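Undergrad: This is the structure I have questions about; it appears just below.
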Amino acid sequence: SQKIEQNSEALNIQEGKTATLTCNYTNYSPAYLQWYRQDPGRGPVFLLLIRENEKEKRKERLKVTFDTTLKQSLFHITASQPADSATYLCALLRDDKIIFGKGTRLHILP
Amino acid sequence: DSGVTQTPKHLITATGQRVTLRCSPRSGDLSVYWYQQSLDQGLQFLIQYYNGEERAKGNILERFSAQQFPDLHSELNLSSLELGDSALYFCASSVDGGSPSYNEQFFGPGTRLTVL
């Protein structure tokens, strides 16, 4: 069956450093991959979308890579700030199907 | 604030009961999506409606149903509730009716359902 894995442990990163989050998947060939941010008790907020034929996408301090051979996406936040602390979800999409990972909790330490 | 509203914020009910969750999409958005989020399952896509018609279906149980009305608001009906249905239920909206693939979705604040 299809499986998405994100770092299950929380990630602690020092302020100013680059945070890198991983999304691995098996038994699936997504056409698109999305990253969302979710704060406690709130709905997810869309951050970035990357297509299967794109290797990399950037938006301000955010960068996403998508390697369909490795079946992996990496999500980077450069010059991280305490306000970046949240849970980050990846979602795989093809046709009418969307599957979310369980998310990685990121703590940016001042 | 995403512009998507959901009511009620919290709902506590008993097993076997039926509840209705309500969602109003962002102004101008034609698609509404429903999701269930629990600690063990994560965020699960349930169903999508576009301009009143069912557009895509995910892991929605037969005890659950949804509809989208002419004013584009949507309701999710959950019946014969079980303890395992306790979760956060999110509604999201997007501008057009393409599959979930390439639409940026705007999520509401969610309804927390507790089944006792």
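Undergrad: State which residue is nearest to the other protein chains (Cβ to nearest Cβ) when the search covers only segment A:25-42 and only residues that are in contact with a Ser or Thr (Cβ under 8 Å, 6 or more places away or on another chain) and at pLDDT 95 or above.
TA: So, considering only residues that are in contact with a Ser or Thr (Cβ under 8 Å, 6 or more places away or on another chain) and at pLDDT 95 or above, the one nearest to the other protein chains (Cβ to nearest Cβ) is A:Gln38.
Undergrad: Out of everything in segment A:68-110 that is in a loop (DSSP other than H, G, I, E, B) and small (Gly, Ala, Ser), what residue ends up being farthest from A:Ala10 (Cα to Cα)?
TA: Taking segment A:68-110 and keeping what is in a loop (DSSP other than H, G, I, E, B), we get A:68-71, A:78-81, A:85, A:95-96, A:101-103, A:110.
After this cut, where a residue has to be small (Gly, Ala, Ser) as well, the list is A:79-80, A:85, A:101, A:103.
Working: A:Ala79: 19, A:Ser80: 15, A:Ser85: 10, A:Gly101: 14, A:Gly103: 9 Å.
Among those residues, the one meeting the criterion is A:Ala79.
Undergrad: Please work out if B:Asp1 is of a type in the set (D, E, K, R) and out of contact with any strand residue (DSSP E or B) (no Cβ under 7 Å at 6 or more places or on another chain).
TA: In short, yes.
Undergrad: Under 8 Å by Cβ, and 6 or more places apart or on different chains, what pairs join a residue from segment A:58-84 that is on the phi > 0 side of the Ramachandran plot with one that is among the hydroxyl-bearing types (Ser, Thr, Tyr) and in a strand (DSSP E or B)?
TA: A:Lys71/A:Tyr25; A:Lys71/A:Thr26
Undergrad: If you don't mind, another one. So, restricting to strands (runs of 3 or more DSSP E) that lie completely within chain B, which ones have at least 3 residues that are in contact (Cβ under 8 Å) with a residue 40 or more places away in the chain? Can you show your working first?
TA: Working: elements: B:5-7, B:10-13, B:19-24, B:31-38, B:42-50, B:53-57, B:64-68, B:74-78, B:87-94, B:111-115.
Once the strands (runs of 3 or more DSSP E) in chain B are filtered for at least 3 residues that are in contact (Cβ under 8 Å) with a residue 40 or more places away in the chain, what remains is B:5-7, B:10-13, B:19-24, B:31-38, B:42-50, B:74-78, B:87-94, B:111-115.
Undergrad: Checking B:Glu104 against (1) closer than 15 Å to B:Thr7 by Cα; (2) loosely packed, with under 15 Cβ neighbours inside 10 Å, only one condition comes out false. Which one?
TA: With respect to (1) closer than 15 Å to B:Thr7 by Cα; (2) loosely packed, with under 15 Cβ neighbours inside 10 Å, B:Glu104 is out only on (1).
Undergrad: I'd like the full set of residues that are under 21 Å from B:Gly42 (Cα atoms) and either within 11 Å of the chain's Cα centre (by Cα) or surrounded by 12 or more Cβ atoms within 10 Å (Cβ to Cβ) (or both), limited to segment A:4-15.
TA: Quick first cut of segment A:4-15, residues under 21 Å from B:Gly42 (Cα atoms) only: A:4-11.
Those that are under 21 Å from B:Gly42 (Cα atoms) and either within 11 Å of the chain's Cα centre (by Cα) or surrounded by 12 or more Cβ atoms within 10 Å (Cβ to Cβ) (or both): A:Ile4, A:Glu5, A:Gln6, A:Asn7, A:Leu11.
Undergrad: Of everything in segment A:16-46 that's free of Cβ contacts under 8 Å to residues at least 24 places away in the same chain and in a strand (DSSP E or B), which residue is surrounded by the fewest Cβ atoms within 10 Å (Cβ to Cβ)?
TA: This residue is A:Val45.
Undergrad: When segment B:48-68 is examined, which residues are found to be within 13 Å of another protein chain (Cβ to nearest Cβ) and of a type in the set (A, V, I, L, M, F, W, C)?
TA: Within segment B:48-68, B:Ala56, B:Ile60 qualify.
The values are calculated or read from the model by the stated rules, or taken from the named source; none is laboratory data. Quick caveat, the model's predicted, so the values are computed rather than measured. Here the Cβ is made from the backbone with ideal geometry for all residues, glycine too, and neighbour counts use every protein chain on show.
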